[in-house]
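What follows is one structure encoded as structure tokens, with my remarks underneath.
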Amino acid sequence: MSESSAELNAESNFLPVNLSLLLDELRMAQEDETQYVHRVTGKLQLISEEEIAVLGEIHDDMLPEVEVEIIDDIREILMSEDWIELPSSLPEEPLLDQFAQSIADEALRTRLQTQLKTSYGMSQGIMDFLYEHDLEDAWDKFQRQALETAIATQLKTHKIPFV
């Protein structure tokens with residue numbers, strides 16, 4: 001489990017969950033990490049795919065006690081209904097379509113939509129287009145807002161308070 005999660009937990013090991021801190025944590029997370037929140041305490045925990053894979057490969061009697069505790073914590077998170085998995089990313093293709101629709105300049109919007117029809121997801125051509133038209137910051141902001149909305153929806157669904 002990552003050290004940055006431990007730092008974040010020290011700051012937000014209570015409710016309400018700080019959505020801004022959570023989003024910052026997710027932006028720093030590795031692609032193979034998943035964020036979980038405890039519905040009662042608000043504690044946050046990142047777990048990597050590698051940590052999950054180790055669960056089935058290692059026998060507790062082969063590990064030092066400290067590592068057994070970490071493995072037990074991961075098992076608890078994955079098996080407990082009190083730990084809720086949060087989205088860490090959103091599918092890029094529909095998000096890119098929504099972003100293109102949000103562009104006020106009709107000519108620019110149409111060019112991006114045309115580019116999207118000939119590409120799959122975030123291709124080099126799309127990245128170049130965003131860069132050439134100074135849309136990188138707007139795209140990053142759009143992605144962050146969409147992820148914030150998805151996480152807020154997940155927290156609301158599970159009645160976990162957040163600010």
Just want to confirm a number: the relative contact order over the chain, from Cα pairs under 8 angstrom separated by 6+ residues, in percent. 28
As a check on your grasp of the helix formula, calculate [θ] at 222 nm for the chain: sum -39500 (n - 2.57) over DSSP H runs of n ≥ 4, divide by the residue count, round to the nearest 500. -19000 deg cm²/dmol
Once both axes come from the Cα atoms, what is the angle between helix 3-12 and the longest principal axis of the chain, in degrees from 0 to 90, rounded to 10? 90
Quick one, which of (i) 138; (ii) 123; (iii) 200 is the actual volume of the Cα convex hull per residue in Å³ calculated for this model? (i)
What length, rounded to one decimal in nm, is gained on full extension from TYR131 through to ARG111, with 0.36 nm per residue of separation minus their alpha-carbon distance? 5.8 nm
ASP32, ASP105 arranged by Cβ crowding within 10 Å, fewest neighbours leading: ASP105, ASP32
Length added when fully stretched, TYR120-LYS159, from 0.36 nm per residue minus Cα-Cα: 10.4 nm
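Every read-out reported here was derived from the displayed coordinates using simple, explicitly stated rules and does not represent laboratory data. Quantities reported herein were computed from a predicted structural model and do not represent experimental measurements. Here Cβ is always computed from backbone atoms with ideal geometry, including for glycine, and neighbour counts include all displayed protein chains.
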